Amino acid sequence: MPSTPSTIGDFAILPLSIPPLPAFPQHAIHYLYVRRNAPKMPTATDARSLFLTNVPVDSTESHLRAVFTTLVGAGRFEGATFEDERKDAYSQGAQSPIDAAQPAHAAKLLQAHGKKRKREDEAAAERAREEEAARLPSTWTRPLRRSGSTAVVLLADEKSVEQVLKAIAKTHKTKKYPAWGGGSGSGGLKIPPLGSVWLKTHNRLSYPDSATLQASVDAFSTLFARREQEAAEIAKRLRNEPDEDGFVTVTRGGRSAPASRNEAEEAKRKMLAKQEKKKEELTNFYRFQLRERKKEEQAELLRRFDDDRKKLEAMRVKRGKFVPEA
Amino acid sequence: MDSAPAKRRKLDHAPDGAELALESAASTGVSRSRAFVLEAEELLDSVRLDYATALEGADGLLHRTKNAIEAIKPHDALPIVQAASKLEKRHKIKVPFPNPPPPENSNYKVAFAKPSQFNVVGSYVSKTMVKTQKGHGVDMVIVLPEEILQEKDYLDLRYFYKRAYYLATVTAAVRKELGGDAQLSYEHLNGNPLCPILAIQPTSTEAEGTTKTDKKGVLDFRIRILPSAPDGFFPKSKLHLGASLVRKGADDDSTATGEPTTFYNSTLVAEGAFFPYLKFLRQAEKKCGGFRNACILGRLWLQQRGFGGDISQGGFGHFEWAVLLALLLQGGGSKGGAALSSSLSSTQLFKALIQFLSVTNFAEKSCVLGAGNPDLESYVESTPILYDSARQLNIAFKMGPWSAALLHQHAKWTRSLLANPTADQFSPTFIFKADVPSLSFDLIAKLDIDSVSTTTGADYRGFTWQVGQKVYRTLRRALVDEEMGQRARLIHIQPPSSGTWSLTEESDAGTRAPIEIGILFDPTNMARTVDRGPSAGPSAEEKAECEEFRRFWGDKSELRRFERDTIRETLIWASTTPFGLCEEIMRYIIGRHLRIGQLDDELTVYGDALPSILALKPADTTLFNAAKNAFGTFERDIRGLEELPLRVRQIAPICPELRHASIKPPTFGSSKSGPQPLECVISFEASGKWPESLAAIQRTKIAFLQMIGSLLKTNKPDEIKTHIGLEDAQHETENLAFLDVIYETGPAFRLRVHSDLEEILLERQVKDKAAEQYLRQRATTLLATFRRLYSNLPLHNQYITTCTTRFPALSPTTRLIKHWFNAHKLSYHFTQEFMELATLHVFLSPHPWDAPTSPSTGFIRTLLFLSHWDWRSEPLVLDTSGEMPNSERTAIATRLEAWRKIDPNMNHTVLFVATAQEPSGTAWTTLNGQAKPSKVVAARMSSLAKSASRLIRDAGLELDYRRLFVPSLKDYDALIHLNPKALKSMLKTYSTIHPEDDDNEENDPNRRATKFKNLDVHTGLDPLPLAQHPADLFLEHLSTAYSGPLVFFRGGADDTTIGAIWNPQVQRRAFRINLLGSYKPAAGKQRNRVKGGEDEDGDDQEGESELVDINKEGILAEIARIGADLVEKIEVKGA
């Protein structure tokens, strides 16, 4: 490409030079689009973070760290959050195993009344630790990003943001694009390799040893039991406590235990059978029923007749249908 | 008074419009057959010829020809040889004498006189020609005047010599008259070598002149001049089937000696019967309104099955059909009445005649229609008999026993189709072409008959025919032995067809073209390797039987002792496959009785190429059964665990290996890879103790699996190893884990737990209107996956296994089809179950044939089906229960219509495959909420199947079937070549390689570290099972990462080339956040677009948008990085 524009919309374009590989010995350029982070819901760190889109699929924090180090030198880069990770953070339910596990009514109750009992930081940390223990081990050494996805990079201070954007503008003049390689040379964390090693490791990680697994399952069941207990307690409390308007919330579970599912099903089946029998006794009982049935049958016949005609009409449109194959 | 009229009106109201329509609907019976009638009418409309334009100029040409013939000067009797040479000298025209020609010293005399009658006959006058028939002929009969014939001319070919001379004289005159306006040539009437005729082909450029272009409907027609004998000139009593009328060399004149010349006699009768039949058909047409259309339908039916009046086409064509129908309209019923009523409609007549043909086999029992009851049973040996006693002609005289059998068989198949109210009756009956040999026969052989010693016979159908008949008899005796169990259902002989030849040459009827033999197997009997003949007992009867058996089979027959001390004549064959056995028997028996065929170049067999491509062996069945037995052991082991808290209800296999449908038969203990476990699901008795939360259920399942694993290990510590594996799950509510059970002896199984509460919870979530849309969507997907895994797949497995026993050819056919999908890199996009069901469809509704009896026919017909299948508007319905009600079918069709209405672009539902067990239609064609295959890929499948079918039809027998399996790599934009070595190394992983070993083993970087030290060194040598095939995983990652810009294609597990195509919808577009795929700024600088802001996320306030292009190099470089050592090379098209 002869000349790359340095901006697109309000994004600065940061070309990355991709070193050729034996499998694809071409020198490619990847385009990263960078701007100041301005999310719809502002956060405290917005001023010192950058919003990136079109990150390469194999991006890791170390990759980005290396790129930013090339641009503005070491020490400015604090961290990166990728799109898939952010999404998880946004909808907690998907990530925390317990929240997904809670019975729906318990979750609702907890949500409604959780605010009242403000948790201290300590309790929150405890909770996170427990959840971490209940989580199953991951089977991948590193994830792949969806092509064209986004990331947010957190820098040391607001000044660094300015510097980065300036440095990006400068690369367009000097044509010295930062290389994409994950900083394998520099001292960053060792990035787990991709390729066959990555896949093999996945296979090995798919078979965790039984002790780890057992521990995770146990942690989960303890946690789950406790949450259920809590939910039940809240429910019980609510059953007896009128709210400020004097209403008592109707909650599931009364004094007697709910009927077992099997019994309920049995009862339903019986009821249906009874209905069926009654219905059967009364069909063709009156003359008008017979007459109506006959009429219905005739109408059905007519309808089918019409359907056939329509179908044929449709086939005629396609035409080719009616010529025998040569 | 007031109320009375109202009441009366109610009682006797006149039928109104609706009622009339109802009556007409009711009178035609059920809906399906009504559809058939409508379709048939439509067909008749579309094939009908417009005679005025199509055969323009025919009448004029006929007149000129007639005038020319009438103008010929008569001459007196001359000796035949002299007259012929005179003609040849003067007009340069050879007299087309039949073989053998009259001897030099013959004293027969020939004369010429004006024909006593001219008449145009055949389908031109009866207006029953159709557009699609092969050649359109206008037949003009000229009757030889009686004065030039003698009564005794019926003897010794004398009539035929005179006829040939007469024809040559006429030819000379016609040629003079027409000059360059037409092309003249000889041909045989219906391939009958006794009856040469003259064909006049108008020279199109001359005849049509400049207006040729705007006359679209004009056909290529020919006028044929048919000399014939005067009606009733030869005494019919002398021409009966048993008479011997050719007594060459013999000086006695008694008719008793010599072999009967049945064919010769019937030809003579037919020569004099043109006018009687013309009259007869006219009458039938007048009497019965539906007659003409029934004849057209019959013509189409015969034509699609390769039948025609020509001897090489089976000798049963349109004419024979019409005569038979007319005869049945006149008589043939019980008590001398008519079998068919003349008030029947054309489709009813057609069905009735099919019915008649399906119960009558002319080759086995003579069929006499009309008054009188001549005893013809004794002649059935020599010719099929369909005798019209009023005109004393055997209508089937041109048929061979094989074509009679084939006709009978086709009629039987069509009848069973017409009796099936749920199937599509129309297309298989009239539209599909059913005469392609490779589609119809399991084994096709070409027999070179050059070296057969000449046999003298009294048959005038030529040498080839005689050999053919002999081969047929021999093979029939060998392969259709009822005592030993019929190996073949049908044996067909295809004699070469005779063409036209020029006026100045000899006929080519004497040449020895190879004959084609087609054999349809009975798959169970054909697989028999030991034939038990008659038992060798002491009685004279038994002895004679053995003697007879040995005479036929020769040295191959040996005495063997069987159980219960019976000693029998026995044949032992060496081959193992049905095909091999058939070939072996054919080579042996033809060699023995005709002294040819042992050499490869004399008897060439076709039909085995397909199975050998995959190296399908009969021993594969044993391997499949071994896997099945191993599964049985596994099931017993699990059921034997008494400490489980819930009782086991069912353990069901769900993988192709356990239903005889995997390409490679399951083999255990391969050293090349870690164990690849066979998948199963386990379900327990109903229990109320499952937690009421999806995530908790999944964890409970893990606990269950752990318990099963440890119990198995304690019960059989030396035999079993177990591993709990984690699924590559995205959400906590999915199935999270499976248990791999590995037996020391090799077999490995993967177990997943079924919980019925899970389904109920998911259903509740799907119906929960209060939940967020994305959660409901996810629940729907999960529910589909759940049902597929735990209820549909076990049923499918069971059903396919049953079918494999019912249809022996099903398993190899399925494997071939899967191989085809693999070869064309389609299988990544299709579920295994879909491929199996598509194959099964050809077995369950095989019309217009019967269910395939060999993998080759099954494979080719499946391809044909895939090429025909209009999946855009037709569901694929498999009647797996055997009695799917019509209402069910309608419901399925309605469901497809509904899908198409909701999703006209086919983003979610593309193919629709419903069975009796799985009527929703999408279980096998969607996976994880995505259509499998997508519309693009489904279209590619159709087009590939189409081109394959075309190739099969065009190339015929000589097709090299390997060509069907060659992928066209040039269609892909990029090819990702995987490194086979890296791929291989990935198949083995170990759990016990210590972290420090990682550095030591630098030469083997694949051996990764582990933190577990609890396993000893010995167990560490066993590789871990494969959670998923690594190449599949790799591809899955690629397709998730590049779901927008790229579509990937890959075949089976050992395919090392991934094809990729850039999505054509991904072009230059406006820049915004979250584009699918990697983009680069467009080279052409930004352009302001008026409507640029329409799909912005609100990030771009300027209202103008810059354009970006897909960054192809960037993406490919990324793929190279993801693949690292796994990707050997990325090949870009055009680079």
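The values are calculated or read from the model by the stated rules, or taken from the named source; none is laboratory data. Because the structure is a prediction, the values reported are computed rather than measured. Glycine gets a Cβ as well: all are built from the backbone with ideal geometry, and neighbour counts include every protein chain shown. When the accessible area is computed, the model is the full protein with side chains, heavy atoms only, and any ligands, DNA or RNA have been set aside. Shrake-Rupley method; radii C 1.70, N 1.55, O 1.52, S 1.80 Å.
Counting only DSSP beta bridges whose two residues both lie in the protein assembly as shown, roughly 85 percent are antiparallel. Relative to the longest principal axis of the Cα atoms of chain B, the long axis of helix B:80-91 lies at roughly 70 degrees. For the pair A:Ala38 and B:Ala770, label points projected 7 Å from Cα toward Cβ lie 4.0 nm apart. Evaluated with a Cβ-only charge set (Lys, Arg +1; Asp, Glu -1), the protein assembly as shown carries a dipole of roughly 2600 debye about its Cα centre, given to the nearest 20.
Using only Cα atoms, tell me the angle between helix B:401-418 and the longest principal axis of chain B; keep it within 0 to 90° and round to the nearest 10. Relative to chain B, helix B:401-418 is tipped by roughly 50 degrees. Here the translational diffusion coefficient of the protein assembly as shown follows from Stokes-Einstein with Rh set to the Kirkwood radius across Cα pairs; for 37 °C and 0.692 mPa s it amounts to 84 µm²/s.
Suppose R0 equals 45 Å; then what is the FRET efficiency for B:Trp573 and B:Ala419 from their Cβ-Cβ distance, rounded to the nearest 0.05? My answer for the efficiency is 0.75.
When the protein assembly as shown is described by a simple charge dipole with +1 on each Lys and Arg Cβ and -1 on each Asp and Glu Cβ, the residue from B:Pro374, B:Ser345, B:Ala661 located farthest towards its positive end is B:Ser345. Given a Förster radius of 25 Å and the C-beta distance between B:Thr524 and B:Ser881 as r, what FRET efficiency does 1/(1 + (r/R0)^6) yield to the nearest 0.05? Efficiency for this residue pair is about 0.55. The length gained on full extension between B:Lys236 and B:Ser451, counted as 0.36 nm times the residue separation minus their Cα-Cα distance, comes to 73.5 nm. Burial annotation for the range B:710-727: residues with an accessible-area loss of at least 20 Å² between the isolated chain and the complete set of protein chains, computed on heavy atoms with a 1.4 Å probe, are B:Ile724, B:Leu726.
Across all Cα pairs in the range B:850-906, the calculated P(r) in 5 Å bins from zero up to the longest distance comes to 4, 16, 18, 18, 20, 14, 8, 3, 0 percent per bin.
Placing one equal scatterer on every Cα of the range B:51-140 and applying the Debye formula, the log10 ratio I(q)/I(0) at q = 0.15 Å⁻¹ is -0.81. Dipole of chain B computed with +1 at Lys/Arg Cβ and -1 at Asp/Glu Cβ about the Cα centre; of B:Gly317, B:Thr577, B:Gln676, farthest Cα towards the positive end is B:Gly317. DSSP finds beta bridges in the range B:679-778, and of those with both partners inside it, around 70 percent are antiparallel.
Along the axis of the charge dipole computed for the protein assembly as shown (Cβ charges of +1 for Lys and Arg, -1 for Asp and Glu, origin at the Cα centre), the listed residues B:Thr262, B:Leu927, B:Phe36 are led at the positive end by B:Phe36. Going by accessible surface with a 1.4 Å probe and the largest first, B:Leu978, B:Leu614 read B:Leu614, B:Leu978.
The helix-only estimate of mean residue ellipticity at 222 nm for chain B, built from DSSP H runs of length n ≥ 4 each weighted as -39500 (n - 2.57), is -12500 deg cm²/dmol after division by the residue total.
Here the spin labels are modelled as points 7 Å beyond Cα on the Cα-Cβ line, and at B:Asn373 and A:Lys274 they lie 7.2 nm apart. Close amide H partners of B:Thr570, meaning residues 5 or more places away or on another chain with modelled amide H under 5 Å apart, are B:Gly533, B:Glu558, B:Leu559, B:Arg560. Once the 1.4 Å probe is applied to the protein heavy atoms, chain B comes out at 44 Å² accessible per residue. Multiplying the residue separation of B:Gln183 and B:Thr566 by 0.36 nm and subtracting their alpha-carbon distance yields 130.9 nm. Per-atom-type breakdown for the protein assembly as shown gives carbon and sulfur 52% of the accessible area (1.4 Å probe, protein chains only).
The long axis of helix B:578-594 is offset from the longest Cα principal axis of chain B by roughly 20 degrees. In this entry, chain B is assigned a mean projected area of 68.4 nm², taken as a quarter of its C-alpha convex hull surface.
Surface calculation, 1.4 Å probe, protein heavy atoms: B:Arg477 sits at approximately 90 Å² accessible. Largest accessible area first, the listed residues B:His75, B:His410 line up as B:His75, B:His410 when surface is computed with a 1.4 Å probe on the assembled protein chains. Between B:Ser947 and B:His908, the modelled labels are 3.4 nm apart [label points 7 Å from Cα along Cα→Cβ]. Temperature 20 °C, viscosity 1.002 mPa s: under these conditions the Stokes-Einstein estimate for the range A:265-307, based on its Kirkwood radius over C-alpha pairs, is 171 µm² per second. Rounded to the nearest 0.05, the FRET efficiency derived from the C-beta distance between A:Lys236 and B:Ala609 at R0 = 60 Å is 0.20.
With 0.36 nm allotted per residue and the present C-alpha distance subtracted, the B:Arg963-B:Lys716 stretch has 83.9 nm of extension available. Sequence gap at least 6, Cα distance under 8 Å: using those rules, report the relative contact order of chain B to the nearest whole percent. Relative contact order, chain B: 7 percent. Rounded to the nearest 100, the interface formed by chains B and A buries 8500 square angstrom of accessible surface, both chains summed, with a 1.4 Å probe.
Structure shown: which of A:Lys311/B:Lys935; A:Lys311/B:Lys131; B:Lys114/B:Lys398; B:Lys94/B:Lys152 lie over 28 Å apart, alpha-carbon to alpha-carbon? Pairs exceeding the cut-off: B:Lys114/B:Lys398. The charge dipole of the range A:265-307, taken about its Cα centre with unit charges on the Cβ atoms of Lys, Arg (+1), Asp and Glu (-1) only, comes to about 280 debye. Largest first, the residues B:Lys825, B:Lys66 sort by 1.4 Å accessible area into B:Lys66, B:Lys825. In a simple Cβ point-charge model (Lys, Arg +1; Asp, Glu -1; nothing else charged), chain B has a dipole of about 2400 debye relative to its Cα centre.
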